[in-house]
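Inspection log for the structure reproduced underneath, given as structure tokens.
The values are calculated or read from the model by the stated rules, or taken from the named source; none is laboratory data. Bear in mind the structure is a predicted one, so any value in this text is a computation, not a measurement. Because the Cβ atoms are built from the backbone with ideal geometry, glycine has one as well, and the counts that use them run over all protein chains shown. Only protein heavy atoms, including side chains, enter the accessible area calculation; ligands, DNA and RNA are left aside. Shrake-Rupley method; radii C 1.70, N 1.55, O 1.52, S 1.80 Å.
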Protein chains: 2
Amino acid sequence: MSLHRVWRLGADIDTDAMAPGAYMKLGIEGIAPHCLESLRPEFAREVRAGDVIAAGGGFGIGSSREQAPAALKHLGVAAVIAPSYSGLFFRNAFNVGLLLLTCPQAESLREGESVGLDLDRLQVVRADGQRLACEPVPDFLLAMVRAGGLFKLLQQRFASTPSQVSPEHS
Amino acid sequence: MSLHRVWRLGADIDTDAMAPGAYMKLGIEGIAPHCLESLRPEFAREVRAGDVIAAGGGFGIGSSREQAPAALKHLGVAAVIAPSYSGLFFRNAFNVGLLLLTCPQAESLREGESVGLDLDRLQVVRADGQRLACEPVPDFLLAMVRAGGLFKLLQQRFASTPSQVSPEHS
């Protein structure tokens with residue numbers, strides 16, 4: 001199980017913090033360098049591929065802009081771990097291939113600690129062996145994450161067995 | 001603006017209450033008559049097309065079964081009004097064409113009162129004229145509700161202009 005460094009944020013992180021309005025015209029390459037800069041100015045510069053975000057509830061409230069989860073994904077964030085999400089953010093995040101783990105104990109995680117993600121059992125594993133349970137993630141959403149998002153998943157399926165594309169896969 | 005009768009439920013209504021596990025093999029025709037029976041035994045019998053549910057936060061927690069919002073839709077529920085939803089339920093509900101309004105003041109609504117739904121302004125309108133603001137719903141989700149769900153929306157679009165089907169519509 002690979003290890004993931006934790007960035008610890010607070011509750012009610014809104015989409016404007018992830019994809020600031022001032023840069024929305026620039027495309028994801030221009031937005032991502034400003035991701036979370038109002039809360040953690042060093043984030044976009046120092047985040048490494050595979051890092052995870054642990055946060056409080058209501059993650060992703062605010063406008064429905066798909067660039068918010070896309071910016072995290074673009075920067076290499078492997079997952080967000082939080083007790084609850086905005087419904088729209090939850091939808092958009094999996095669509096762009098960003099894994100969200102709904103974890104009641106997410107706020108016990110600390111800045112800078114390393115955790116493993118056990119996706120078979122849906123648990124966050126701490127260095128001391130403690131395991132934090134997460135709510136189940138349906139297979140079709142995990143498939144979307146593995147494929148890199150809904151669009152890529154549909155491309156794969158259209159390329160192989162078109163008849164398998166049905167609403168349950170989106 | 002048509003009026004909608006309110007069924008008032010509490011917080012953290014889970015999907016098992018909407019689509020009880022014991023009936024899951026029966027298909028939606030067999031599940032819907034048992035929708036919410038553990039909380040409101042009269043619900044499935046007395047709910048009328050166009051009624052709405054007002055509830056507390058965390059609506060739709062629990063398993064990701066798509067039959068939960070589908071049962072409400074099947075019974076004619078026009079919308080759910082709640083301060084927050086499970087991310088999975090939010091995704092599934094719009095996929096089956098069920099409108100969810102995210103309304104911080106949802107819990108001020110009372111059992112049996114009649115409300116209007118102003119979908120242009122995203123407000124719940126009470127008989128005394130009070131308006132409860134709801135969070136914005138993106139156009140592509142409203143289109144899904146109007147079409148009767150994602151599958152029907154995709155059918156419509158494939159039938160007319162296939163090239164317009166893109167990830168943002170799901």
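Key figures
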quantity	calculated
Residues located in the range A:21-36, provided they are in a loop (DSSP other than H, G, I, E, B) and within 28 Å of A:Ser108 (Cα to Cα)	A:Cys35, A:Leu36
Filter pass, B:Arg110 being on the phi < 0 side of the Ramachandran plot and open to solvent by 50 Å² or more (accessible area, probe 1.4 Å)	yes
Within the range B:51-74, tally of residues that are within 12 Å of chain A (Cβ to nearest Cβ) and charged (D, E, K, R)	2
Any hit, the range A:118-136, residues being open to solvent by 10 Å² or more (accessible area, probe 1.4 Å), closer than 21 Å to B:Leu100 by Cβ, within 9 Å of another protein chain (Cβ to nearest Cβ) and modelled with pLDDT under 95	yes
Restricting the range B:80-117 to residues that are among the small types (Gly, Ala, Ser) and under 16 Å from the mean Cα position of the chain (by Cα), the residue that is farthest from the other protein chains (Cβ to nearest Cβ)	B:Gly116
Index of the failed condition, A:Ala44 passing every other in (1) touching a Cys at 6+ places or on another chain (Cβ under 8 Å); (2) surrounded by 22 or more Cβ atoms within 10 Å (Cβ to Cβ)	(2)
Filter pass, A:Leu72 being crowded, with 18+ Cβ neighbours inside 10 Å, closer than 23 Å to A:Leu153 by Cα and in contact (Cβ under 8 Å) with a residue 12 or more places away in the chain	yes
Residue within the range A:10-27 that is farther than 19 Å from B:Glu135 by Cα, crowded, with 22+ Cβ neighbours inside 10 Å and in contact (Cβ under 8 Å) with a residue 12 or more places away in the chain present	no
